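This report refers to the structure that appears directly beneath it.
A short reminder: the numbers here are calculations on the coordinates, not readings from a lab. Bear in mind that the values here come from a model prediction, so they are computed numbers and not experimental data. When we count neighbours, we look across all protein chains shown, and the Cβ atoms used for this are built from the backbone with ideal geometry, even at glycine.
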Amino acid sequence: MAFSPFIWLAAGILIMGLEILVPGFVLFWFGIGGVVTSLFVFLTIIPENNAVAQWASFFLTSFLFLAVWHFFAGKYFQKNLTDETGDPTLQNLRGRVVKTVMPGVPGEVELYSGFHGIKKWQAEAEEILEEGDEIRVLEARGIKLFVQKK
């Protein structure tokens, strides 16, 4: 089914707007593909009655923009981002292991001084920590602490 340039333009803008609901910066490029296809049809580079050429233009331009972003431009723009997932608020607090912690297997620790009234936390470590071992908090990510033996 072939569309008018205004349908392609509206579809492209709608698809770009969907990026708000489905994060990942992928749909945006399909929206750009719709806008570019709209421009091609409007300028009669692609005939308005040629559905195959319109759809081919849409997918080719979408994937082209997506590839350029993913392999080239995205890395340039994202290289200066810092990792803000770690929360330094709990850093260096001390406690003890109450349930064995192993690499890749969360355990549980109890802090000597509670943080906002919470003393027991899920914890991960790069080494095996047995019950009773004293620990120091390296950082917090969400509701999980990353700890090491004191």
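Would you kindly state how much longer the chain becomes between GLN91 and ILE7 on full extension, computed as 0.36 nm times their sequence separation minus their alpha carbon distance, in nm to one decimal?
Values: separation 84, 0.36 × 84 = 30.24 nm, distance 5.43 nm.
Stretched fully, the GLN91-ILE7 segment lengthens by 24.8 nm.
Taking every pair of distinct Cα atoms and averaging 1/r, then inverting, what Kirkwood hydrodynamic radius in Å comes out for the stretch 20-150? Provide the component values of the computation, followed by the final result.
Values: mean 1/r = 0.0533 Å⁻¹.
Answer for the stretch 20-150: a Kirkwood hydrodynamic radius of 18.8 Å.
Between beta-carbons, use under 9 Å as the cut-off and find the net charge around ARG136, counting Lys and Arg +1, Asp and Glu -1. In short, +2. Net length available on complete extension from VAL52 to PHE72 is 4.3 nm, with 0.36 nm assigned per residue and the Cα-Cα distance removed. For the chain, averaging the sequence separation of C-alpha pairs within contact (under 8 Å, six or more residues apart) and dividing by the residue count gives a relative contact order of 17 percent. Working from Cα pairs under 8 Å separated by at least six residues, relative contact order for the stretch 5-78 is 30 percent.
Spin-label model, GLU110 to GLU139: label points 7 Å out along the Cα-to-beta-carbon direction sit 2.8 nm apart. Pairs of Lys residues in the chain, spaced 8 or more positions apart or belonging to different chains, with C-alpha separations under 24 angstrom: 11 in total.
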